[in-house]
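What follows is one structure encoded as structure tokens, with my remarks underneath.
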Amino acid sequence: MRIVVVHPGSVAVVAVDKQRRLVFVEQYREPAQKKLLEIPAGVREEGESALETAQRELKEECGLHGGDWEQVAHAWTTPGFVREEMTLFIATDLEEGEDDPDDGEDVRVVRRPVDELPQLIAETEDLKTLAGLLLYQARQESNTT
């Protein structure tokens, strides 16, 4: 017998504000039994495109909006037992606004300078965040060559 968790799909965003700071959320994750620093992410709602979900989640969790958006990946999160596809975006030049977290959502917004990217990559314990930061780093390196 094989157990498969069916999931509606998700999004994650490497968010960079106008001050060239990477924006994360820190939240307690029960399976890890500790707080993790993660890129903003969320579950797709029926009828929403991945981009609409990503923009909604970023505004809800961090109060960020506008900017330039690029889809950089679409992949299975845990194909061994979860049917969840995640779309990953990089959003830059984002504007500050008011956040609107979901009821019961206990997240803290953390901003770190882009210059700290190598240290952030070394410290990251969440795979979607690690993938996002590595893709962002690769984009930065290809733009400077």
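Taking the conditions (1) over 30 Å from residue 115 (Cβ atoms); (2) at pLDDT 95 or above in turn, residue 83 satisfies each one other than (2).
Applying the set (1) loosely packed, with under 14 Cβ neighbours inside 10 Å; (2) under 24 Å from residue 110 (Cβ atoms); (3) among the hydroxyl-bearing types (Ser, Thr, Tyr) to residue 77 leaves exactly one unmet item: (1).
Of the candidates 114, 109, the single residue that is in contact with a Lys or Arg (Cβ under 9 Å, 6 or more places away or on another chain) and among the aliphatic types (A, V, I, L, M) is 114.
Listed by position, the strands (runs of 3 or more DSSP E) inside region 1-58 whose residues that are under 21 Å from residue 115 (Cα atoms), touching a residue at least 24 places away in the same chain (Cβ under 8 Å) and in contact with a Ser or Thr (Cβ under 6 Å, 6 or more places away or on another chain) number at least 1 are 10-17, 34-38. Take the conditions (1) in contact with a strand residue (DSSP E or B) (Cβ under 7 Å, 6 or more places away or on another chain); (2) surrounded by fewer than 16 Cβ atoms within 10 Å (Cβ to Cβ); (3) among the acidic types (Asp, Glu); residue 30 misses just one of them, which is (1).
Only one of the numbered conditions (1) over 21 Å from residue 97 (Cα atoms); (2) surrounded by 21 or more Cβ atoms within 10 Å (Cβ to Cβ); (3) touching an Asp or Glu at 6+ places or on another chain (Cβ under 7 Å) is violated by residue 36, and that is (2). With respect to (1) buried (at least 18 other Cβ atoms within 10 Å of the Cβ); (2) farther than 20 Å from residue 30 by Cβ; (3) modelled with pLDDT under 95, the lone exception for residue 107 is condition (2).
The values are calculated or read from the model by the stated rules, or taken from the named source; none is laboratory data. The structure displayed is predicted, hence computed values, not measured ones. As a convention, Cβ positions derive from the backbone with ideal geometry for all residues, glycine included, and neighbour counts pool all protein chains shown.
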